[in-house]
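Below is one structure; the comments refer to it alone.
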Amino acid sequence: EKIVFFGGYGFNKSHSTAYAMISYRTAFLKANYPAEFMTALLTSERENLDKITRYIDEAKRMGIQILPPDVNESFGKFTTVSKEAIRFGLSAVKNVGDAAIDAILKARKEGGRFKSLYEFCERVDMRQVNRRVMESLIKCGTFDSLKMHRSQLASILDHALDVASGTQKDRQAGQMSLFDTFKEQDSFKKTFQEVPNIREWPENQRLAFEKELLGFYVTGHPLARHERVLKTYSTAPIDQLGTLRDGSEVTVGGVISRVRMTTTKKTNERMAIAVLEDFSGSAEVLVFPKAFAQSAEQVKKEAVVFVKGRLSLREEEPKLLANEVISLEEARSHLTKGLTIRLMTAGLETATLEALQNLLQKHPGKIPVTLEFGTPERKRHRVETGKKFQVDPSDELFEALEALLGPDVVRVNSTREPAAVAV
C-alpha cells in the first residue's frame, strides 16, 4: 500500500523530469563554473552551519580556497575572487549587522581601500560601526590585509576610536582637522598612530576567536597538525557516523569543544556531556560515571582525544556513548591491536608484494599485520602475515606504505580481528 501511495506522487514523470533538468543544470555549472557555483551554494545555505561546513570541505576538495572575510575585499555575502578562491562575506561575522556592512561598503566605494585601522575608523560612520563590531572584525581576521597582528590591532582599537570620534565630530561641525593643517601630514600621522611591537596571539586563541565569530576555522584548524593520527585511528569521520550500524563499536578522534558536567538522577554520580569535533563536523558524547571515573583528566575543553565506545543512531543526530576517552599521546599504544593492509588483486605485481615484504621487515615490532585482498568480483580474502612481519606502527611506516600502495590502504584495528588464513 505504501508503494502504491508513494508512486501516485513521489516520482511521477513530470516530477522526475523536473529533477533531471535541475540535476543536469547544476552538474553543468559545477563542472564549468566551479567557483561561481560553490559561491552561490554557500550563500544560499549561509544560515545552516552544518551544510556550510560540508560545502566548504567540498570546495577545498575541488581545489578552491576559502578566504576569510576582509574589509578591503568582502561584500555582504560570499563572493568569487577568482577561479581558485571564494571570499567570506561580512554578514558571516557575528555581531556585524546590515547597517554596519552598508557603512563599510559605502566608505570603501567612496575612498578606496583602507590602509590602516585609524583611517578605517575616520572614514566609516562610527554610529553604525561601534566598538563591539570592531572587536569582532579584528578577532576573526577581517583586518589581516592591513599587514598587522590581530593583537596589535586590538591594542590600538580604543585610541583609534577616540581619534576617529573627534575627527568625525569636527567634520560634522564644519571644522578642519588638525591633520589638514600640517604640510607633512603623512609623517605626522605616522608618528601619531604608532603601533606597539607586540607578539601575535597564540594560534589556538586566534582559531578560537574565528570559530566563535564565524562558526568555522578559516585560516587554520586546531587539529591540522594531528590530521594523520586522527585519520589513522578513527573508525570514520563524524559526518559519516550516520552511515554505520546503530550500536556498533567505534573509535572517533577530535577536539572537545564543549563540556558540561552533570550527575545521574538515580545514583547522583558525576558524568559529562561533551561535544567532539573533527574536520567534518561534531557529535555529542555521553561519558557515563564508570567511563568518567577512568577518563576525567581527558574530558576537558580543547583537549584532543579519541573516544572509544558505542554509536547511537536512535535520535536525529548520531551520539557517542563513551567507554574510554584516550589522550592523543596514548592513542598509538592503546588503540593499535593490529594493522590491515588493503590490496586489490587486479594489477597487483610480484614486485609490489616483495617491496611490501621488505618494508614490513624494516619496521619490526609487536603489532600483527593482516593483508586483505579485494577482487574485481568484490570478494575479500584476509591473510595473516605471521610473527616475522609484526611491526612498530610509526608515522614513518604509514607514510612509506602510502607511498608504495597509495592513500587509505592501511586500517588500524583497535580490537582483535577475527582469525584470518595464516601464512
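The values are calculated or read from the model by the stated rules, or taken from the named source; none is laboratory data. In this text the structure is predicted, and so the values were computed from the model without any measurement. No Cβ is skipped: glycine too gets one built from the backbone with ideal geometry, and neighbour counts run over all protein chains shown. We work out accessible area using only protein heavy atoms, side chains counted, and drop any ligands, DNA or RNA first. Shrake-Rupley method; radii C 1.70, N 1.55, O 1.52, S 1.80 Å.
Annotations for the structure displayed:
- Taken together, the residues in the range 286-302 that are of a type outside the set (Gly, Ala, Ser), assigned to a helix (DSSP H, G or I) and either open to solvent by less than 20 Å² (accessible area, probe 1.4 Å) or closer than 17 Å to LEU241 by Cβ (or both) amount to 1.
Results for (1) modelled with pLDDT of 95 or more; (2) surrounded by 19 or more Cβ atoms within 10 Å (Cβ to Cβ); (3) not in a strand (DSSP E or B), shown as yes or no for each residue.
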position: ALA208; (1), (2), (3): no, no, yes
position: GLU212; (1), (2), (3): no, no, yes
position: LEU230; (1), (2), (3): no, yes, yes
position: ASP239; (1), (2), (3): no, no, yes
position: VAL255; (1), (2), (3): no, yes, no
position: ARG258; (1), (2), (3): no, no, no
position: MET271; (1), (2), (3): yes, yes, no
position: SER280; (1), (2), (3): no, no, yes
position: GLU284; (1), (2), (3): yes, no, no
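- Counted residues, the range 30-63 - those being in contact with a Ser or Thr (Cβ under 9 Å, 6 or more places away or on another chain) and within 30 Å of LEU117 (Cβ to Cβ): 3
- Test: residue in the range 256-266 that is touching a residue at least 40 places away in the same chain (Cβ under 8 Å) and of a type outside the set (A, V, I, L, M): yes
- The residues listed here are GLU330, GLU354, GLU316; of these, the one that is within 25 Å of ALA224 (Cα to Cα), open to solvent by 10 Å² or more (accessible area, probe 1.4 Å) and not in a strand (DSSP E or B) is GLU330.
- Scanning the range 260-269 for residues that are of a type outside the set (Ser, Thr, Tyr) and assigned to a loop (DSSP other than H, G, I, E, B) turns up LYS265, LYS266, ASN268, GLU269.
- Failed item in (1) in a helix (DSSP H, G or I); (2) modelled with pLDDT under 85, with ARG225 passing the rest: (2)
- Members of the range 9-43 found to be among the β-branched types (Val, Ile, Thr) and in contact (Cβ under 8 Å) with a residue 12 or more places away in the chain, listed by number: THR39, THR43
- Of everything listed in (1) open to solvent by less than 60 Å² (accessible area, probe 1.4 Å); (2) at positive phi, the single unmet condition for THR370 is (2).
- Taking the range 40-149 as the region of interest, the helices (runs of 4 or more DSSP H) fully inside it that hold 3 or more residues being farther than 21 Å from THR219 by Cα and not polar (S, T, N, Q) are 98-111, 117-123.
- Some residue of the range 366-389 being closer than 30 Å to VAL255 by Cβ and assigned to a loop (DSSP other than H, G, I, E, B): no
- Residue match in the range 134-141 (condition: over 30 Å from ALA59 (Cβ atoms) and open to solvent by 20 Å² or more (accessible area, probe 1.4 Å)): no
- Looking only at residues in the range 241-253 that are over 26 Å from PRO202 (Cβ atoms) and of a type outside the set (Val, Ile, Thr), the one that is surrounded by the most Cβ atoms within 10 Å (Cβ to Cβ) is LEU241.
- Cβ-Cβ under 6 Å pairs, at least 6 apart or on other chains, the range 125-136 side among the basic types (Lys, Arg), far side outside any helix (DSSP H, G or I): ARG132/ASN95
- Qualifying positions in the range 104-131 - out of contact with any Ser or Thr (no Cβ under 9 Å at 6 or more places or on another chain), within 15 Å of SER165 (Cβ to Cβ) and open to solvent by 10 Å² or more (accessible area, probe 1.4 Å): GLU119, ARG123, ASP125, ARG127, GLN128, ASN130, ARG131
- Test: residue in the range 241-253 that is part of a helix (DSSP H, G or I), of a type in the set (Val, Ile, Thr) and out of contact with any strand residue (DSSP E or B) (no Cβ under 6 Å at 6 or more places or on another chain): yes
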